[in-house]
Amino acid sequence: MHWLIRKSNLSGIVTIPPSKSLTIRSIIAASLISGTSKIDNYLVCDDTIAVIEALRLAGIEIIEKDNYLLITGNTFMNNKDVFHMKSGATAFRMLVFIFLVKFQEFKITGNKDLLIRPFETFDKFFDKYNIKYESIDDIYHVSGKLEAGQYEIEGHISSQFASGLTLALSTLKKPSTIIIENEMVSKPYLEMTIDMINYFSNNKVRLKGNLIVIEEELLFKERKYIVEGDYSQSAFYLVLAALGFNINIKGLPKESLQGDYQIISFLNQFGIELVWEKDLLKVVSNSLKPAKIDVINNPDLFLPIAVFASFIDGETKIINIQNLRHKESDRVKSLTDNFDKLGIKYETTSRHISIYGNKEERNIAMLDGANDHRVIMAFTVLALATGHSYLMKNVDMITKSYPNFLEDINNLGGKIEMKSIEKLREDIINIDKQMIELFKQRSEHVLLISNVKKELNLPIVDKEYEAKQIARHLDMLGDKSIEREYIEFYSKVLDISYQLQEGVPKMALLGKGLSHSISPKLHHIIGRLNDFKYDYSLLEIKDEQELKNALDLLRKHEYKAFNITKPYKKEVIKHLDILTNKAHFTGVVNLVYMRNGQLIGDNVDYDGIVYSIKQMDINLQRYPILILGTGATAQTVARVLDGMMLEYKFVSRYPERKTQLENVISYDDLTNFKHYILINTTPVGMYPNINEMPVGLDEVEKAVYVFDVIYNPDPTKLVKYAKAGLNGKEMLIVQGIASFNQVFDKKVVISKALVDQIKKELNE
């Protein structure tokens, strides 16, 4: 299952759920007491259900009412069954010590995600105090005895081990001392445990530096305990409020021993001012600034703080993150993996992370909840604050601590749905059906408008109206991240509309001296072979003004595209908006078309020349290659040869003239060569001057191969007298197919068989 998180406008009051940490501690503390205690406002989630079920199996009577528990404690009885803690690390680590006191021998297990978490602290403690344990098929078999006395336990992985040991030793009749070794993390959680023991007893447990002292026998008494709202969970809503959503927080105590009460101080460091109005906690100002945050005692605040920092300009540094790698997931990695996808910059070491926040657009990516409840909530916050639609995978573990998170977010106006990939595909299919019906209706209306325009002799294209429509649509779209894609989509819709109004799409060849061109016949054949009808004509262009006027016909959608021939293959560039890579590389354009309201210049002669050179049955590296001419076609040939890593020289009648071209020789210099490959790009020998050649017969005889770009006549005199040669008809055909593919978004495969077929029809 995935969550689909849509752009949402959140506002309102949210009541924070009860604290999971206090719920678990109060249930365990009450189970140690003879008599019946009442736990009010307890949290129902996977972890608390796991501890309740384990204690029931251990002989404790726990009765669940609407919003409270009745727990009759100190009735432990071992029935030798396996205690299954699901994914609850807190309860697992605490109950192991309690069961050692109560049973001396027991079996305990949990879900896979729990069993892979670090338990080296248990290993070292058990070895040191002669407690036997082994894992058989993921079930821990533990046997040993805990008596009152002095113990040492590590504190650098989690405070839960020390909490569990303190709870267990507090049930014994003699004083005990616990020495916490190494660096202590999550100290407030240990203080919460001690406070809970003292609440249910005679207040004789003390934390002094790294020592826990149980001063004398504790006298437990049944009590009523009301679980506070969870400051850990409130952090996610406070971050949303700090990022501009009008959310007020209810259900929190104004003062608390909860370690994550520190969220208020952390937000103050970021420039956030919070106030209490009766029982509501509100954000009243947010002059955002980066901060340095230490999470040594507040690991559960790391993710909401890190996500918050990603929206704040500048570097926020979060230190003491080392123990976060041992939570439900490696929370540092879970964070940075998602940051990498979103394009959020950071630097990290084993002990700190620097987040370089900004308000720029995030990438659209599949978020990963990492099967970690706090990762899921953190990146839900990020998605909502970013304002895009996101999918998040691995979200099922939200029930571990906050089963109603999705419901509470949606009650604030959130738009989050649980979706499978199959359901998303169904949604797309249904949307496509609606689009098809709307397309049909739109097309009918376009044709009706077309008839009116023709009657009133109005132009097909109204660019001013079109621009207003796009601006209005972008305002309705409201998502800048997909504006470019929408403009492309809507421009395509308009193109189709114009085609419907115009009828058959039109192309033309622009240039001078076109009367003998066979391009119209070529494009008629290409269209027929591909079952696609379009008109192709010849437009004689006398000067630059007529060229500009013709290009305006493209902008008005009266033509779909133009092929460009001499003498405008370079002149046309200054009137265009964008050049393709081929056009930019060669500095030559022979195809112009519209895309997204812009005139695009392309060079499909390049495709034709590549094809033709590949047809030359000769070793191109063995002989010098001489290009006759220095014009646009000659330069395109040169760029093709550059791409093939072949050397060449230009041959010019005026080599002394200043030019950007290198390696230019004169026709007289041909006498210095014995054998060469000759490529003619000049118009000499073209119809009607079919008896002319750009070089004499002596030079032709020295050529081992001749490629003449002229296609009429076929063959040219130059090719006719060559030892081996090829004229420009294949080049013409291939550039025609390439034009067809590009202009009409087709994918016709250019093959020798197809070229030969078209050539045969052209010659008929």
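FYI, it's all coordinate maths here, none of it is from the lab. Note that this is a predicted model, so its numbers are computed, not measured. Note that each Cβ is placed from the backbone with ideal geometry, even for glycine, and that neighbours are counted across all protein chains shown.
Quick notes
- Cα centroid separation, the range 250-329 to the range 555-586 (Å): 57 Å
- Cα-based Rg and Dmax for the range 288-375, where Dmax is the largest Cα-Cα distance (Å): 12.1, 34
- Peptides ranked, highest mean first, by Cβ atoms within 10 Å: ranges 173-180, 152-159: 152-159, 173-180
- Diagonalising the gyration tensor over the Cα atoms of the chain and scaling each eigenvalue by 5 before taking the square root yields semi-axes of 80, 31, 22 Å, largest first.
- Diagonalising the gyration tensor over the Cα atoms of the range 314-362 and scaling each eigenvalue by 5 before taking the square root yields semi-axes of 20, 13, 7 Å, largest first.
- Projected area, mean over directions - the range 20-226, Cα convex hull, nm²: 10.0 nm²
- The distance linking the range 410-470 with the range 37-87 is 57 Å (Cα centroid to Cα centroid, whole angstrom).
- The mean sequence separation of alpha-carbon pairs under 8 Å and at least six residues apart, normalised by the residue count of the chain, gives a relative contact order of 9 percent.
- Total formal charge among the other residues, if their Cβ is under 11 angstrom from that of Y648, Lys/Arg +1 and Asp/Glu -1: -1
- Kirkwood Rh in Å, taken over all unlike Cα pairs in the range 423-502: 14.4 Å
- Kirkwood-based shape ratio for the range 70-123, expressed as Rg/Rh from alpha carbons: 0.98
- The string of couplings for the range 742-757 from the Karplus curve (6.51, -1.76, 1.60, θ = phi - 60°) is 5, 6, 9, 6, 9, 9, 5, 7, 7, 10, 4, 4, 5, 4, 5, 5 Hz, one whole number per residue in order, with x for Gly and Pro.
- Burial ranking of peptide ranges 241-247, 86-92 (average Cβ count within 10 Å, highest at the top): 86-92, 241-247
- Here, P(r) means the percent of Cα pairs in each 10 Å bin from 0 to the largest distance; for the range 618-723 it is 15, 50, 33, 3.
- Once the Cβ-Cβ distance of K556 and K760 is raised to the sixth power relative to R0 = 30 Å, the FRET efficiency obtained is 0.20.
- Size estimate for the range 521-566 follows the Kirkwood approach: the inverse of mean 1/r over distinct Cα pairs works out to 12.0 Å.
- Here, the range 179-265 is characterised by an Rg to Rh ratio of 1.08, where Rg is the alpha-carbon radius of gyration and Rh the Kirkwood radius.
- Using the average count of surrounding beta-carbon atoms within 10 Å as a protection proxy, the listed peptides 417-426, 575-584 rank, highest first, as 575-584, 417-426.
- The range 229-419: Cα Rg divided by the 2.2 N^0.38 Å rule of thumb: 0.94
- Between the range 590-630 and the range 106-149, the alpha-carbon center distance in angstrom: 74 Å
- Taking Cβ atoms as reference points and 13 Å as the exclusive limit, the residues near A235 contribute a net charge of -2, counting Lys and Arg as +1 and Asp and Glu as -1.
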